[in-house]
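**Q** Below you'll find the structure I mean.
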Amino acid sequence: MKVSQYMTPKVITARPEDGIRQTFFMMREKNIRHLPVMDDGQKLVGILSDRDLRRPDWVDEDIDVAHPYRLDDDLTIKDIMNTNVQVVYTYDTIKKAGRFFVDNRYGAMPVLNREQELVGMLSTIDMLRAFDDYMVDHPKK
């Protein structure tokens with residue numbers, strides 16, 4: 001079972017200079033929780049999760065529980081994205097990817113091909129699909 005079999009191949013990306021507000025609403029509209037950040041559309045330079053947009057992680061002021069997200073127009077993705085991006089490769093096994101998810105508590109990771117190009121995303125939902133397929137093929141007796 002390879003990552004390429006279970007990854008989500010259609011990847012929506014963002015640019016470091018994109019605004020937080022527009023990105024938040026785009027993620028919400030498209031039901032995306034993890035967004036790869038590409039520099040000039042070519043190089044993976046970061047990743048943004050819906051958790052990165054929540055106020056407590058990066059705002060010093062008091063938290064307004066009625067508004068858990070801060071959507072300032074003057075902030076860009078590069079201000080809050082995670083630049084320490086961990087990736088998996090299309091040829092990695094699901095077992096290897098699964099171990100990485102568990103050990104690091106990730107919700108999703110970008111998938112690269114041998115040429116280091118972004119070709120997909122692998123999420124915990126994708127991993128559950130792989131687990132389900134495995135259980136169907138290997139039922140407990």
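FYI, it's all coordinate maths here, none of it is from the lab. Here the structure is a predicted model, which means the values were calculated and not measured. Cβ sites come from the backbone with ideal geometry, for glycine too, and all protein chains shown count toward neighbours.
**Q** With r as the distance between the Cβ atoms of residue 104 and residue 1 and R0 = 25 Å, compute the FRET efficiency 1/(1 + (r/R0)^6) and round to 0.05.
**A** Working: r = 20 Å, r/R0 = 0.80.
So the FRET efficiency works out to roughly 0.80.
**Q** Specify the inter-centroid distance of the stretch 105-120 and the stretch 23-53, based on alpha-carbon positions, in whole Å.
**A** Taking the Cα centre of each part, the stretch 105-120 and the stretch 23-53 sit 13 Å apart.
**Q** Please compute the net charge surrounding residue 28, taking Lys and Arg as +1 and Asp and Glu as -1 over other residues with Cβ under 12 Å from its Cβ.
**A** Values: positive: 21, 30, 33; negative: 29, 50.
Counting the neighbours of residue 28, the net charge comes to +1.
**Q** Could you give each residue of the stretch 100-112 its phi-based ³J(HN,Hα) in whole Hz, using Karplus coefficients 6.51, -1.76, 1.60 with θ = phi - 60°, and x for Gly or Pro?
**A** Karplus values, whole Hz, x for Gly and Pro: 5, 4, 5, 5, 10, 6, 8, x, 6, 9, x, 10, 10.
**Q** Would you please give the residues with an amide H less than 5 Å from that of residue 120, counting only those at least 5 places away or on a separate chain, with H modeled from the backbone geometry?
**A** The list, which skips near neighbours in sequence, is 111.
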